[in-house]
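First the structure, in the form of structure tokens, and then the observations on it.
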Amino acid sequence: MANLLPAEFSDLEPFVADWCLDSEPERYAKRLSSTMGEIQAFYDAIMPRAEDAMVYLDRFPLDALPEDAVRLLKLLYSLILMSFAVEVWKQPYIPDTGTAQFELKIEPFP
Amino acid sequence: MTENLKIPKQAARQYPKPPEGSWTEHYPELDTEPVSYENSISPEFFELEREAVFKRAWLNVGRVEQLKRKGSYFTKDIPGLKTSLIVVRGKDDKVRAFHNVCRHRGNKLVWTDYPAEEVSGTCRQFACKYHGWTYDLEGTLTFILQEGEFFGIDKSKYGLVQVHCDVWKGFIFVNFAAEPEQSLHDFLGPMITAIDYPFEKLTQRYYYRGDINSNWKIFHDAFQEFYHPPILHGHQNPVMRQTDYQDLGFYTSYFQAEGPHRVGSTSGGAGGKLVPEFYNPIEQVMRSGLFGPWDPSEIVTDQLPPGLNPGNKKNWGLDSFQIFPNFAIVFWETGWYLTYHYWPVTHNRLLFEANAYFTPPRNVRERLAQQLGIATIKEYALEDCGTLEATQMGLESRVVTQFPLGDQEFMCRHANKVINTWVADYQQKQAKG
Ligand code: FES
Ligand SMILES: [Fe+2]
């Protein structure tokens, strides 16, 4: 079976199943349905590798990323959304937002 | 580095005001009295506003990049007018807009799976799902099934109902009036038409939408003043948490109103120019954040595009143009732009749309910087959404009916005035018959 992530990032493979998500609404739903413990564990694993991941990914043209690289990129998209929970709010949801909905409906790929 | 530390102080400094002493008093049509928001809580006013504003003003419904080739179309629902449009590029390359209603028995003509959802695509003709009547890209009825069963029907009289449609700088506008009182160019006026920005190069699009329980104007107001960010958004990042911002407030460097439109400009000062402690860790790694990439895009040169920074202020950071009634374009110093649309649904509900446009990213790093920039939009906007639902509730109690606005809320006061003026003007014309 092909590797889920590029070899240098194989230690992050346990996060692929839960955190490689295709769209912003899915990532945001994942943030709201996760505990701070789960979000923090994901953040702590990916954040220190973010710079290396960008260096690795920049070896490829954006429109010709291999599948394992796309998965790594999707982990970074999730990292972006989870970073606010960790760095700003210290909780998954944005305070005082009630039931308001605001979703990204069109998002370029990759 | 210590020099950099002073930037928030500069941002908090009061900028010179017009000779009258304030932006508000610079405009004789504005007063400095408290304002009423009855126009944002009254169902009767909403009914008037639909006729007086949304059926008379030019409304932006999208951009030409959404219609790449002949036959490309998208549907655009205008909830406050209970109508849907088909916007299509014809065989002659002209962009037209039609009401999305079949002339036979009124079926919504173009939709897929869910009648209430917008769709887009490319086609040669529009065929109705109900009985198959067919229209060409120019709206002409071309086919009636069992035409002989109808009674002397003249196909040329049953084309799609057309809506006035014109394009400025790639922005597609429609006008629901039988005969618009002004051309699009005259309606936009010199301040807006002076803008000559390379919109066509910024094709990387991100599109957000939200349904919010607030009047569209109450919501819009939070996006046309910079008085609230240090407080409402005061936790977002270390820049926002600066005591200078929170104690002294933020001052807009320039305001201008012209006709029904207005602009506010602010200084830069964020965008990676401060010491690292002023940013969240993710911002430092991805060189992006509030709002958008720190590094200039390929359209940025030492010359700003014509029409931007109309006050010619130093340390320009952004222009927030408010195009009457419900459209805004925000230009950022690092070379990208945002649009906002505030579509009324009822007197206390709106559809809020935000589009971010960037140059196509050349690599993963640029792609991620854009992604983080648009992520901050949501973190901020959701704070606004929650609060403005609460504001609507407060207003609807009618316990308080007069509200003082400061000079930093110049654009809110101007917007409120223009709406009331358009409605009064409409009522006067109606009364005259
Ligand atoms: S309603 Fe469209 S063909 Fe009958
Ligand atoms: Fe806000």
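Just so it is clear, none of the values below were taken in a lab; they were calculated from the coordinates. None of the values given here were measured: they were computed from a predicted structure. Cβ: placed from backbone, ideal geometry, glycine included. Neighbour counts: every protein chain shown.
Annotation: amide H of B:TYR254 within the under-5 Å range of B:SER265, sequence separation 5 or more or interchain, hydrogens built in the peptide plane. For the protein assembly as shown, the mean projected area of the C-alpha convex hull, equal to one quarter of the hull surface, is 29.4 nm².
Between B:ASP186 and B:SER36, residue separation times 0.36 nm minus the direct Cα-Cα distance comes to 51.0 nm.
Between A:GLN91 and B:LYS155, the simple spin-label model (points 7 angstrom out along Cα→Cβ) gives 6.3 nm. Residue exposure proxy: B:SER183, B:SER288, B:SER120, ordered by other Cβ atoms within 10 angstrom of their Cβ from fewest to most, comes out as B:SER183, B:SER120, B:SER288. If one puts a single equal scatterer on every Cα of segment A:17-89 and applies the Debye formula without solvent, what log₁₀ I(q)/I(0) results at q = 0.11, 0.14, 0.19 Å⁻¹? The computed values of log10 I(q)/I(0) come out as -0.27, -0.43, -0.76.
Order of B:CYS165, B:CYS412 from fewest to most other C-beta atoms within 10 Å?
B:CYS165, B:CYS412
Ranked by how many other Cβ atoms sit within 10 Å of their own Cβ, fewest first, the residues B:THR193, B:THR376 fall in the order B:THR193, B:THR376. Taking a virtual spin label 7 Å from the Cα of B:LYS313 along the C-beta vector, which residues in segment B:237-257 bring their backbone nitrogen under 13 Å of it? Under cut-off, by backbone N: B:250-257. Any chance you could give the angle, 0 to 90 degrees and rounded to 10, that helix B:364-396 forms with the longest Cα principal axis of chain B? Long axis of B:364-396 versus the principal axis of chain B: about 80 degrees.
Full extension of the chain between B:GLU47 and B:SER22 yields a length gain of 5.6 nm, computed as 0.36 nm times the residue separation minus the alpha carbon distance.
Among B:20-26, A:77-83, sorting by the average number of other beta carbon atoms lying within 10 angstrom of each residue, highest first, gives A:77-83, B:20-26.
Close amide H pairs (under 5 Å, H built 1.01 Å from N) link B:ILE78 with B:THR83, B:SER84, B:LEU85, residues at least 5 positions away or on another chain.
Among B:LEU184, B:LEU382, B:LEU59, the residue with the largest mean-square fluctuation in a Gaussian network model of chain B, with springs joining Cα atoms closer than 10 Å, is B:LEU382.
Peptide B:283-293 has a mean of 2 when you count, residue by residue, the C-beta atoms of other protein chains within 10 Å of its C-beta.
Backbone geometry of segment B:40-45 corresponds, through the Karplus equation with coefficients 6.51, -1.76 and 1.60 at θ = phi - 60°, to 3J(HN,Hα) couplings of 10, 10, 9, x, 5, 4 Hz, x marking Gly and Pro. Look at the stretch B:201-209: the mean tally of other chain Cβ atoms within 10 Å of its residues' Cβ atoms is 3.
Assuming 0.692 mPa s and 37 °C, estimate D for chain B with Stokes-Einstein, Rh taken as the Kirkwood radius over Cα pairs, in µm²/s. The partial results should precede the final answer.
Details: Rh = 23.4 Å.
The diffusion coefficient I find is 140 µm²/s.
Counts of other chain beta carbons within 10 angstrom of each beta carbon in peptide B:367-380 average 5. Given R0 = 51 Å, the distance between the Cβ atoms of B:VAL119 and A:ASP52 translates into a calculated FRET efficiency of 0.75. For B:ARG362 and B:THR142, the difference between the fully extended length at 0.36 nm per residue and the C-alpha to C-alpha distance is 74.6 nm. Mean-square fluctuations from a GNM of chain B, with a 10 angstrom spring cutoff on Cα atoms, peak among B:GLN408, B:GLN162, B:GLN322 at B:GLN162.
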